[in-house]
Amino acid sequence: MTERDSPADNPTPTFPVAVILERRKASSPWCDYTWQAKGIAVGRGDDAADPRVVRDDGDSALFLVGGLDVTLYADECESYYYNLISETPRAYVVAHVGDPDSAPEPFRISMSFDEAHAYLEGDDEIFAVDVPAEVYRWTEAFVIANYFPEKKRKRKLRDWTADEPAGGAHPS
């Protein structure tokens with residue numbers, strides 16, 4: 001993260017991350033592998049188009065997909081806030097998926113449940129992963145600087161009996 005990316009100074013700050021994908025052998029006759037996002041790593045990683053193999057033991061393999069950012073927006077602060085105060089805060093990896101054997105292609109990482117939920121309407125896959133401490137603190141600073149919750153007000157109830165004419169009869 002650079003000075004220009006500090007949450008207080010930039011209306012749309014970004015934090016460079018890479019996605020960790022896991023490929024496992026499938027026990028299904030329809031596909032050879034299953035894919036899952038296992039987490040995000042702080043730092044840009046490689047900007048290469050293909051995922052970089054981190055570990056491969058035959059039954060499972062880990063890949064690093066770099067060149068991604070978490071971007072925060074002031075109008076999503078309420079969703080960030082509720083994510084951060086939840087029992088298990090999550091980052092949401094949004095990825096294009098092709099055939100079952102090919103790796104998902106992460107293209108967006110969000111701290112907003114609302115944004116991730118909107119992507120569920122399409123054909124994209126959403127993976128909820130743990131939030132690294134650095135990203136948590138950075139998002140928290142952004143929320144503190146930009147979120148001003150509106151005070152919930154009770155609506156004043158109107159006395160409907162005061163509108164009835166005397167004697168309880170309705171005019172015809």
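Readers should treat all values here as calculations from the given coordinates under stated rules, not as data from a laboratory. All figures in this text were calculated on a predicted structure; none of them were measured in a lab. With ideal geometry, Cβ positions are generated from the backbone for all residues, glycine too; neighbour counts draw on all protein chains shown.
A convex hull fitted to the Cα coordinates of segment 13-147 yields 113 cubic angstrom per residue.
Using only Cα atoms, what is the ratio of the radius of gyration of segment 45-119 to 2.2 N^0.38 Å? Could the numbers behind the result be given before it?
Working: Rg = 14.9 Å, N = 75, 2.2 N^0.38 = 11.3 Å.
Here the answer is 1.31, to two decimals.
Annotation for segment 11-110: GluC sites (Glu not before Pro) lying in DSSP loop with at most 10 further Cβ atoms inside 10 Å of their Cβ are E87. Is segment 100-153 rounded, prolate or oblate when judged by the Cα gyration tensor, a ≥ b ≥ c being the square roots of its eigenvalues, rounded requiring a/c under 1.5 and prolate requiring a/b larger than b/c? Oblate shape, in that a/c is at least 1.5 and b/c is the bigger or equal ratio. With the simple model of a label 7 Å out from the Cα in the direction of the Cβ, E78 to H117 spans 1.1 nm. Along segment 67-84 the Karplus relation, 6.51 cos²θ - 1.76 cosθ + 1.60 evaluated at θ = phi - 60°, assigns HN-Hα couplings of x, 10, 9, 9, 10, 10, 10, 4, 6, 9, 4, 4, 5, 4, 4, 5, 5, 5 Hz to successive residues, with x for each Gly and Pro. What the phi angles of segment 123-139 give under the Karplus curve with 6.51, -1.76 and 1.60, with θ = phi - 60°, is a coupling list of 9, 7, 9, 10, 10, 8, 10, 5, 9, x, 4, 5, 5, 4, 5, 5, 5 Hz, glycine and proline written as x.
Charge tally around E150: other residues with Cβ under 15 Å, Lys/Arg +1 each, Asp/Glu -1 each, net +3. Remark on V54: its backbone amide H falls under 5 Å from those of L62, F63, L64, a criterion applied only to residues 5 or more positions apart or on other chains, H modelled at 1.01 Å from N.
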